[in-house]
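Only one structure is covered here, and it is reproduced in the block below.
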Amino acid sequence: MRQKCQEAVHLAMLRDSKVVYIDKLDTPSGLSLATYVGFATDPHAASGGKVLLAGLKDEAVKTIYKNKSLKAYTRNTITRLPALMAELAKIRKQGYAVDNEEYYEGVRCVAAPVCSGGEVVASISVTGSIFTMTRKRIEKELAARVVKAANSISAELHW
């Protein structure tokens, strides 16, 4: 997928209420991202994290954020729980999530769920600059590619 998209690819899981990156392929163009295998952060600001949250029941998401705020990483970060819940409902319906400069300014990301046994077990995402990952490109090409890759991985899992 990285070769077709020419962007960075991440595989992530939800652990201890954090999105944790378990694999990463850097972008062929040389865009440097501050993520690495083992990197953990708040899930509400990353597309992969939002996909993982969308795989949970609403009550589980509310429990995660019961005693903590939704940290603002950029001016686009979702910082209110009702807005996050609405975003998660949208993600469940469309089958993928977008991070529109919510974690890093100048960076967009699109992610889809990897499922096993009817549960979301991981997320796969494509990340790049706002110049190469335009909203139009996400809608016309990248979202479908990420969903297809996630579905392919899901079909191979037998947990």
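For Val114, the requirement of being in contact with a Pro (Cβ under 8 Å, 6 or more places away or on another chain), in contact (Cβ under 8 Å) with a residue 40 or more places away in the chain and under 13 Å from Ala12 (Cβ atoms) is not met.
Is it the case, given these coordinates, that Lys66 is part of a strand (DSSP E or B) and at pLDDT below 95? No; evaluated as a whole, the condition is false for this residue.
For the stretch 107-125, the set of residues classified as closer than 20 Å to Glu156 by Cα, over 8 Å from the mean Cα position of the chain (by Cα) and not acidic (Asp, Glu) consists of Pro113, Val114, Cys115, Ser116, Gly117, Gly118, Val120, Val121, Ala122, listed by residue number. Only one of the numbered conditions (1) part of a loop (DSSP other than H, G, I, E, B); (2) among the small types (Gly, Ala, Ser); (3) in contact with a strand residue (DSSP E or B) (Cβ under 8 Å, 6 or more places away or on another chain); (4) at pLDDT 95 or above is not met by Ala72, and that is (3).
Considering the stretch 84-115, and only residues there that are small (Gly, Ala, Ser) and modelled with pLDDT of 95 or more, the residue that is surrounded by the most Cβ atoms within 10 Å (Cβ to Cβ) turns out to be Ala111. Can you give me the number of residues within the stretch 76-109 that are in contact (Cβ under 8 Å) with a residue 24 or more places away in the chain and farther than 17 Å from Leu52 by Cβ? Number of matching residues: 8. Would a scan of the stretch 122-144 turn up a residue that is among the hydrophobic types (A, V, I, L, M, F, W, C) and touching a Pro at 6+ places or on another chain (Cβ under 6 Å)? Scanning the stretch 122-144 turns up no residue that is among the hydrophobic types (A, V, I, L, M, F, W, C) and touching a Pro at 6+ places or on another chain (Cβ under 6 Å). Of all residues in the stretch 1-54, those being part of a loop (DSSP other than H, G, I, E, B) and either modelled with pLDDT under 90 or surrounded by fewer than 21 Cβ atoms within 10 Å (Cβ to Cβ) (or both) number 20.
Of the set (1) in contact with a strand residue (DSSP E or B) (Cβ under 6 Å, 6 or more places away or on another chain); (2) assigned to a helix (DSSP H, G or I); (3) not charged (D, E, K, R), all apply to Val110 but (2). Inside the stretch 39-64, can you point out the residues that are more than 15 Å from the chain's Cα centre (by Cα) and either among the polar types (S, T, N, Q) or closer than 14 Å to Arg15 by Cα (or both)? Listed by number, the residues that qualify are Ala60, Val61, Thr63, Ile64.
Out of Tyr96, Tyr36, Tyr73, one residue alone is touching an Asp or Glu at 6+ places or on another chain (Cβ under 7 Å) and aromatic (Phe, Trp, Tyr). It is Tyr73.
The values are calculated or read from the model by the stated rules, or taken from the named source; none is laboratory data. Bear in mind that the values here come from a model prediction, so they are computed numbers and not experimental data. Counting neighbours? That spans all protein chains shown, and the Cβs are built from the backbone with ideal geometry, glycine included.
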